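Participant: Just dropping this structure here.
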């Protein structure tokens with residue numbers, strides 16, 4: 001599977017990302033992506049490029065992850081590396097390291113927006129379940145304070161629940177898609193998909209709204225339900 005995402009916050013586009021997902025019963029799942037995003041520094045808006053690699057083993061459990069961000073003159077540049085060894089997820093960003101002990105819930109790596117495209121496939125791999133709880137491995141945590149390793153004993157659990165079909169419009173077309181509600185302690189969001197194919201991620205809060213949608217399928221945008 002492959003796709004292209006347009007990413008907007010409060011109605012203004014600030015990023016785009018293209019990705020490819022390879023799925024094999026022997027080798028597991030591999031996701032690669034590239035993209036750009038813009039952010040403000042003082043009175044200027046700068047654009048950074050990024051690339052990402054995510055690997056799940058044949059049992060669909062996280063194996064490794066890398067994210068490389070390159071900003072102009074080094075502004076916003078960052079490299080994040082993650083690996084799961086002996087049921088411990090270790091994430092390194094610069095000279096900071098964080099370890100998370102995996103619990104009983106299915107582990108889920110969430111990096112940039114394309115990593116959400118794996119969720120419909122993972123959910124459907126569980127068969128006819130109405131909801132699945134995932135333990136999120138956080139890869140984009142802040143720099144924090146102090147040096148050395150930080151150990152996280154608390155779990156961030158993301159519940160994914162399929163809540164039926166909805167109709168979306170794009171131009172003169174109308175299509176029926178699957179809706180998933182994502183609930184966690186850090187906020188709620190919605191995924192729209194067609195079978196295993198990710199179509200959009202929508203999140204709203206008191207601070208505003210965010211949407212990442214498939215611009216290769218919907219070049220004119222989509223009307224959300």
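Bear in mind that the values in this text are calculations on the coordinates, not laboratory data. What you see is a predicted model; the values in this text were computed from it and never measured. As a convention, Cβ positions derive from the backbone with ideal geometry for all residues, glycine included, and neighbour counts pool all protein chains shown.
Participant: Over region 2-153, what is the relative contact order in whole percent, taking alpha-carbon pairs under 8 Å and six or more residues apart?
Facilitator: Averaging sequence separation for qualifying contacts and normalising by length gives 15 percent for region 2-153.
Participant: Given 25 °C and 0.890 mPa s, compute D for region 80-121 with the Stokes-Einstein relation, Rh being the Kirkwood radius over Cα pairs; round to the nearest whole µm²/s.
Facilitator: Answer, rounded: 211 µm²/s.
Participant: Continuing with the same structure: For an R0 of 35 angstrom, estimate the FRET efficiency from the Cβ-Cβ distance between residue 163 and residue 46 and round to the nearest 0.05.
Facilitator: 0.35
Participant: I've got another one for you. Set the Förster radius R0 to 45 Å, insert the Cβ-Cβ distance between residue 173 and residue 83 as r into 1/(1 + (r/R0)^6), and round the FRET efficiency to 0.05.
Facilitator: The calculated FRET efficiency here is 0.55.
Participant: Same structure again: Could you identify which residue out of 45, 112, 36 has the top mean-square fluctuation in a GNM of the chain using Cα springs shorter than 10 Å?
Facilitator: Of 45, 112, 36, the most mobile in the Gaussian network model is 45.
Participant: How large is the Kirkwood hydrodynamic radius of region 157-225, counting all unique pairs of alpha carbons, in Å?
Facilitator: Across region 157-225, the inverse of the average 1/r is 12.7 Å.
Participant: As a test of the formula, what do you get for the chain when each DSSP H run with n ≥ 4 contributes -39,500 (n - 2.57) and the sum is divided by the residue count, at 222 nm and rounded to the nearest 500 deg cm²/dmol?
Facilitator: Estimated from H runs of four or more residues: -500 deg cm²/dmol.
Participant: Next up: Residue 104 to residue 22: FRET efficiency via 1/(1 + (r/R0)^6), r the Cβ-Cβ distance, R0 30 Å, to the nearest 0.05? Kindly include the intermediate steps, with their values, before the conclusion.
Facilitator: Working: r = 28 Å, r/R0 = 0.95.
Efficiency computed from Cβ-Cβ geometry: 0.60.
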